[in-house]
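The values are calculated or read from the model by the stated rules, or taken from the named source; none is laboratory data. Note that this is a predicted model, so its numbers are computed, not measured. All Cβ positions, glycine included, derive from the backbone under ideal geometry; neighbour counts span all protein chains shown. When the accessible area is computed, the model is the full protein with side chains, heavy atoms only, and any ligands, DNA or RNA have been set aside. Shrake-Rupley method; radii C 1.70, N 1.55, O 1.52, S 1.80 Å.
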Amino acid sequence: MRLRELAAEASESLGDTGSALKHFKVARLLHETIAGQSARASQIALQVDFKTAQAQRERDLAQQAKEIADRNSERLATLNRALEAKVAEAEQLQMRLREQATRDTLTGLHNRRYFYEAAPGHIELANRHQGALCVVLIDIDRFKDVNDTHGHHAGDMVLKALAALLTQRMRKSDVVCRFGGEEFAVVMPEVTSAQARPVIEGLMKDFAKVEVESGSESLTGCTYSAGIAEFPEEGHSLEPLLRVADAHLYRAKEAGRARVAGRFDDAPATKATPRLKRGNGNY
């Protein structure tokens, strides 16, 4: 464009007006072209600046959103961990409450409630596999006399002694519970009444040998009576089996106590008379 302007000036000075006008027009066109391109470039630059600023704002907003999301995510993770801890604590509390609700506080055995929860499942399993099962009721003989003569603390110690024996001698698969008062209940899976009888009688002999300490006194020779009901011969569910076991238990009591009764022919077990010992003397 500048060269065209110089050429126009040179032509004009030489008196060549036509050539000067021609060069001037070309220079003018070039000027307009350059001006238009500059305007478009400025517009494009403004658009680029606007889009760049917009992109930066979006980037900043995205960054802020990410930071907020990260903080929220971290807070959520913290809350989840706290919730999991609370849930675990609640589950442990529920387990402790359930354990307390199904445990006898004196003997540490499961209680009557647990017995009614657990026993039907064992009976159903025996029914499904066509196996044997026994329900045993055990009642300590003359327990009221122990309490009246030697005090309730002595009675508690007798209950604990029998509970300890049951825990030690019965199988882990057996359900052993304090049924109430001086009565205990046992479910023995995969055992017939004929097989259960020597176990319960042997346990009674061991019970008679236990020396129960109560203050300055010690009590030995305690016995119990027991009734054994066999599934399925004497009942197909818990309640009938309990009724039969209770009837056998009553028969054992009527026959003189310190014995086990069931479907088998009863033979009296060796009876042991409770003896209270004070100091070195026997009473």
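Hey, can you tell me all the residues within region 27-42 that are touching a residue at least 24 places away in the same chain (Cβ under 8 Å) and surrounded by 13 or more Cβ atoms within 10 Å (Cβ to Cβ)? Don't jump to the end; show me each part of the working.
Of all residues in region 27-42, those touching a residue at least 24 places away in the same chain (Cβ under 8 Å) come to 27, 30-31, 34.
Within region 27-42, Ala27, Leu30, His31 meet the criteria.
Tell me whether region 87-102 contains one or more residues that are in contact with a Lys or Arg (Cβ under 8 Å, 6 or more places away or on another chain) and at pLDDT below 95. Walk me through it before giving the result.
Within region 87-102, the subset in contact with a Lys or Arg (Cβ under 8 Å, 6 or more places away or on another chain) is 101-102.
Going one step further and asking which of them are at pLDDT below 95, we end up with 101-102.
Yes: region 87-102 contains one or more residues that are in contact with a Lys or Arg (Cβ under 8 Å, 6 or more places away or on another chain) and at pLDDT below 95.
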Where Thr105 falls short, out of the listed (1) closer than 30 Å to Arg178 by Cα; (2) without any contact (Cβ under 8 Å) to a residue 40 or more places away in the chain; (3) surrounded by 11 or more Cβ atoms within 10 Å (Cβ to Cβ): (3)
Among the listed residues Ala126, Ala41, which satisfies the condition of being assigned to a helix (DSSP H, G or I) and in contact with an Asp or Glu (Cβ under 9 Å, 6 or more places away or on another chain)? Ala126
Out of Tyr224, Tyr250, which single residue is under 14 Å from Ile138 (Cα atoms), open to solvent by 40 Å² or more (accessible area, probe 1.4 Å) and out of contact with any Pro (no Cβ under 6 Å at 6 or more places or on another chain)? Tyr250
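Here is a list: Val191, Val186. Which entry is crowded, with 20+ Cβ neighbours inside 10 Å, over 22 Å from Asp141 (Cα atoms) and among the hydrophobic types (A, V, I, L, M, F, W, C)? Lay out the reasoning, then the answer.
Numbers: Val186 fails: over 22 Å from Asp141 (Cα atoms).
It is Val191.
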Residue within region 221-244 that is out of contact with any Gly (no Cβ under 9 Å at 6 or more places or on another chain), assigned to a strand (DSSP E or B) and modelled with pLDDT under 95 present: no
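From the list Ser173, Ser216, which one is modelled with pLDDT under 95 and open to solvent by 20 Å² or more (accessible area, probe 1.4 Å)? Write out each step before concluding.
Numbers: Ser173 fails: modelled with pLDDT under 95.
Within the list Ser173, Ser216, the selection yields Ser216.
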When restricted to Leu137, Leu162, the only residue open to solvent by less than 20 Å² (accessible area, probe 1.4 Å), assigned to a strand (DSSP E or B) and at pLDDT 95 or above is Leu137
Index of the failed condition, Met157 passing every other in (1) buried (at least 19 other Cβ atoms within 10 Å of the Cβ); (2) within 23 Å of Ala247 (Cα to Cα); (3) among the aliphatic types (A, V, I, L, M): (2)
Which one is farthest from Ala132 (Cα to Cα), of the residues in region 170-213 that are part of a strand (DSSP E or B) and of a type in the set (D, E, K, R)? Glu213
Of the conditions (1) in contact with a Lys or Arg (Cβ under 7 Å, 6 or more places away or on another chain); (2) open to solvent by 80 Å² or more (accessible area, probe 1.4 Å); (3) of a type in the set (Asp, Glu), the single one that Glu84 does not satisfy is (1)
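For every residue, the table says whether it meets (1) surrounded by fewer than 17 Cβ atoms within 10 Å (Cβ to Cβ); (2) among the charged types (D, E, K, R).
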{"position": "Val199", "(1), (2)": "no, no"}
{"position": "Lys209", "(1), (2)": "yes, yes"}
{"position": "Val212", "(1), (2)": "no, no"}
{"position": "Pro232", "(1), (2)": "yes, no"}
{"position": "Gly235", "(1), (2)": "no, no"}
{"position": "Leu238", "(1), (2)": "no, no"}
